[in-house]
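Each reported figure results from applying straightforward, stated rules to the coordinates on display, with no laboratory input. Everything numeric here is computed off the predicted structure, so don't read it as measured data. Every residue, glycine among them, receives a Cβ derived from its backbone with ideal geometry; neighbour counts consider all protein chains shown.
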Amino acid sequence: MAYQEYPSNRIVKAAADAPYLAREEEIDLVKRWIGKRDQQALHRLTLAHMRLVISLAFKFRRYGLPLADLIQEGHIGLLEAAARFDPAREVRFATYATWWVRAAMQDHILKNWSIVRGGTSSNQKALFFNLRKLRAQIAANGGKPGSRQAYEEIANALKVSVKDVARMDARFSGPDLSLDAPVTDGEGEGSQTRIDFLVSDEITPDEAARKSIDGERQHDWLHDAVAMLDEREQHIIRARRLREEGATLEELGRKFGISKERVRQIEVRAIGKLRETLLARA
């Protein structure tokens, strides 16, 4: 079911015109949906309770999210209630569905109300949805809502930490600010935004790409230059210069049956050849 930014008159009218269901009828519809996956039964059941969804959506409108999105999430909660409802319970479907509809809307608000994410535990949700009410009660009783004492009182009432109360209060007090919003007067090249003042120590994507390309090119050049050495020179250069733990002159001398000094001379000569080849490529 798709919605526009605000619920259309058609949706509201359809919800208002949907007949109320008798207990026996709603139980029959639930059984047909759960047992036989009867889509028509599900449609009649949810349509009859869309007025409940719209009513709850209006109550959550103060959080500033599109009403249509809240109705959409409420409809999802309604479907979840239809899938989980036990007809044997001594409770009407509307009473049971209210919990699922409200929970779906609250989860949506917690995820989208601010770019700064809050906790999703039951205590954090209770803090989010009751903080303003408790602040108002403290103010009505002559207290200071933003004081340490007020935070402690709210924390005790909702079983959360004082730090959590202070953090949530700050989220309510300070709205999200766009990093693209201008902080200087003027337009065009002279204007500045908040993001212009954020400094990152990481290299830019262009620099990372350039370093990656240069690194691959230098690796290929070195590989080609080493391949131009004779077999003994290649072995000495790889053993001495291209390994984490280079071999000693003595080890290589024993391998080739020559002195340490002779190994050193071959290494120096090979490095000179590599330098000349790489300089020519560069």
- prompt: Using the Karplus equation 6.51 cos²θ - 1.76 cosθ + 1.60 (θ = phi - 60°), what ³J(HN,Hα) coupling, rounded to whole Hz, does each residue of region 236-249 give in order, writing x for Gly and Pro?
  reply: 5, 5, 5, 6, 8, 10, 10, 10, 4, 10, x, 6, 7, 4
message: Under 5 Å between amide hydrogens, which residues at least 5 positions from R92 or on another chain qualify, with H placed 1.01 Å from N in the peptide plane?
response: none
query: Suppose R0 equals 41 Å; then what is the FRET efficiency for K273 and E207 from their Cβ-Cβ distance, rounded to the nearest 0.05?
result: 0.80
task: Pull up the cross-link candidates among the lysines for K144, meaning alpha carbon to alpha carbon under 25 Å and not fewer than 8 places away within one chain.
output: K125, K133, K159, K163
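For a quick protection proxy, order the peptides 94-101, 57-64 by their average other-Cβ count within 10 Å, most packed first. Please list the in-between numbers first.
On the way: 94-101: 18.1, 57-64: 14.1.
Put in order of decreasing packing, that is 94-101, 57-64.
So if we plug the beta-carbon distance of D69 and H223 into 1/(1 + (r/R0)^6) with R0 = 41 Å, what FRET efficiency do we get, rounded to 0.05? If you can, show how the numbers build up before the last one.
Numbers: r = 57 Å, r/R0 = 1.39.
Efficiency, from the Cβ-Cβ distance: 0.10.
Would you mind counting up the charge near E25? Only other residues with Cβ under 12 Å from its Cβ, with Lys and Arg at +1 and Asp and Glu at -1.
Details: positive: R23, K31, R32, R44, R92; negative: E24, E26, D28.
Computed value for this residue: +2.
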- prompt: How many angstrom lie between the C-alpha centres of region 48-72 and region 87-103?
  reply: 17
